[in-house]
Amino acid sequence: MPSAAITSMTTGHGAPGQADGSPLERVSVTMMPPAPDATAPHSSTPEAGSGVRGCVGVLGMGSFVSPPLLSRLALAGYASWPIASRAGAEDRVPAVATPEGITAAVALCPLWGLVDRLPALTTLGIRRIVAVSSMSRVTKAASPDPAERAVAERLAAAEDALERWAERHATRVTILRPTLVYDGRHDRNVTRIAGFVRRWRFFPLVGAGCGLRQPLHADDLAAACVAALDAPSPRPCYDIAGGETLTYRDMVSRIFVAVGRHPRFVQVPRMLVRATLPMLGFLPGFRGVSAAAFDRMNEPLVADNAAAVADLGFAPRPFTA
């Protein structure tokens, strides 16, 4: 997920699957049957009497975006079925209550993991894919941190591979590139900042914290995924962001208020951050933080929603910490 917070984040959650070179007749995607309990978080079913428009496979069930996505799919009349991007398991194709079976998929998993599974999705007959990438492809392409640049490069390579595959197989693929994604409970952006200010009662800031942010709620990302499935002629790719633009400092101030704390910032010189970061990494709230994340506090990380608004009816909410 693009990082507008104190740490870097990619939109995909969980480790990407590994290519195993299996022939198509032995695909490496597990079709996991849903639990008998209708409230189980791993499947969704439209309300009784609403009719089923089709079944959508979902990759990346470990993502915190998956619960709102399953709810959105059900409200739109879709049944859903989890597809585990896990090698070495036998397929168990569901007995779906639609003649066409699974014809579409939404991928919340790391994009390079989706690319590894494309042959399997072809075998399953999937003709529409909505894939969640990240604005990190753009915002971290020139990062001074080699690990962040590597993420941007992997995202770019995966997007390109997905687009080439779509052309060869006459499959409609729509890529969504969200900015900072949060749900206030399980994300590694807003939730991590909230945990830090609860524990330490201050927040370290490099410079003025004037970089612009557009936090995108997970439910709005889920809505965009369903809208992209339904759109008659979607574009190949959309940059999407939240419905409010605010500075990094203002975003963190809102988080302070939301957790019942008075905003308190400690100005930290950039050179001090770089010198002490190896030691700070052992403290709760600082683990995994890069110096580049501090630098981005003063850099704009925004996207233009115009295309998504026009084509998908995208209407994201303002930031709610």
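The values are calculated or read from the model by the stated rules, or taken from the named source; none is laboratory data. Remember, it's a predicted structure, so these values are computed and weren't measured experimentally. As a convention, Cβ positions derive from the backbone with ideal geometry for all residues, glycine included, and neighbour counts pool all protein chains shown.
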Q: Could you check Arg199 against (1) within 16 Å of the chain's Cα centre (by Cα); (2) more than 23 Å from Pro300 (Cα to Cα) and say which number it fails?
A: (1)
(Q) Cβ contacts < 6 Å: first residue within 12 Å of Glu153 (Cα to Cα), restricted to the range 118-142; second residue surrounded by fewer than 19 Cβ atoms within 10 Å (Cβ to Cβ), any location; separation 6+ or different chain. Result? (A) Arg137/Ala156
Q) In the range 199-257, how many residues are more than 30 Å from Tyr78 (Cα to Cα) and not acidic (Asp, Glu)? A) 27
Q: Could you check, for the range 306-318, whether at least one of its residues is touching a helix residue (DSSP H, G or I) at 6+ places or on another chain (Cβ under 9 Å), farther than 27 Å from Thr174 by Cα and assigned to a loop (DSSP other than H, G, I, E, B)?
A: no
Q.
Tell me whether the range 146-165 contains one or more residues that are among the aliphatic types (A, V, I, L, M), in contact (Cβ under 8 Å) with a residue 40 or more places away in the chain and under 19 Å from Gly57 (Cα atoms).
A. yes
Q) Does Ala227 meet the test of being touching a Gly at 6+ places or on another chain (Cβ under 7 Å) and closer than 23 Å to Leu111 by Cβ? A) yes
Q.
Please pick out the residue among Val266, Val289, Val273 that is assigned to a strand (DSSP E or B) and not aromatic (Phe, Trp, Tyr).
A. Val266
**Q.** Selected residue [of a type in the set (Ser, Thr, Tyr), farther than 19 Å from Ala315 by Cα and either in contact (Cβ under 8 Å) with a residue 12 or more places away in the chain or touching a Lys or Arg at 6+ places or on another chain (Cβ under 9 Å) (or both)] from Thr179, Thr171
**A.** Thr171
Q: Kindly establish whether Phe294 is among the aromatic types (Phe, Trp, Tyr), out of contact with any His (no Cβ under 7 Å at 6 or more places or on another chain), touching a residue at least 12 places away in the same chain (Cβ under 8 Å) and under 20 Å from Asp187 (Cβ atoms).
A: yes
Q: Please name all residue pairs, on different chains or six or more residues apart, with Cβ atoms under 7 Å, provided the first residue is in the range 68-92 and is part of a strand (DSSP E or B) and modelled with pLDDT of 90 or more and the second residue is of a type in the set (Gly, Ala, Ser) and loosely packed, with under 15 Cβ neighbours inside 10 Å.
A: Ala79/Ala97
Q: From Asp311, Asp304, Asp250, grab the single residue that is exposed (fewer than 13 other Cβ atoms within 10 Å of the Cβ), in contact with a strand residue (DSSP E or B) (Cβ under 9 Å, 6 or more places away or on another chain), modelled with pLDDT of 95 or more and not hydrophobic (A, V, I, L, M, F, W, C).
A: Asp304
(Q) Against the conditions (1) in contact with a helix residue (DSSP H, G or I) (Cβ under 8 Å, 6 or more places away or on another chain); (2) among the small types (Gly, Ala, Ser); (3) surrounded by fewer than 19 Cβ atoms within 10 Å (Cβ to Cβ), where does Gly211 fall short? Just the number, please. (A) (3)
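The rows are residues; the columns are (1) under 30 Å from Val268 (Cβ atoms); (2) touching a helix residue (DSSP H, G or I) at 6+ places or on another chain (Cβ under 8 Å); (3) surrounded by fewer than 22 Cβ atoms within 10 Å (Cβ to Cβ); (4) among the β-branched types (Val, Ile, Thr).
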| site | (1), (2), (3), (4) |
| --- | --- |
| Ala147 | yes, no, yes, no |
| Ala157 | no, yes, yes, no |
| Asp160 | no, no, yes, no |
| Arg164 | no, no, yes, no |
| Arg168 | no, no, yes, no |
| Val173 | no, yes, no, yes |
| Ile193 | yes, yes, no, yes |
| Arg198 | yes, no, yes, no |
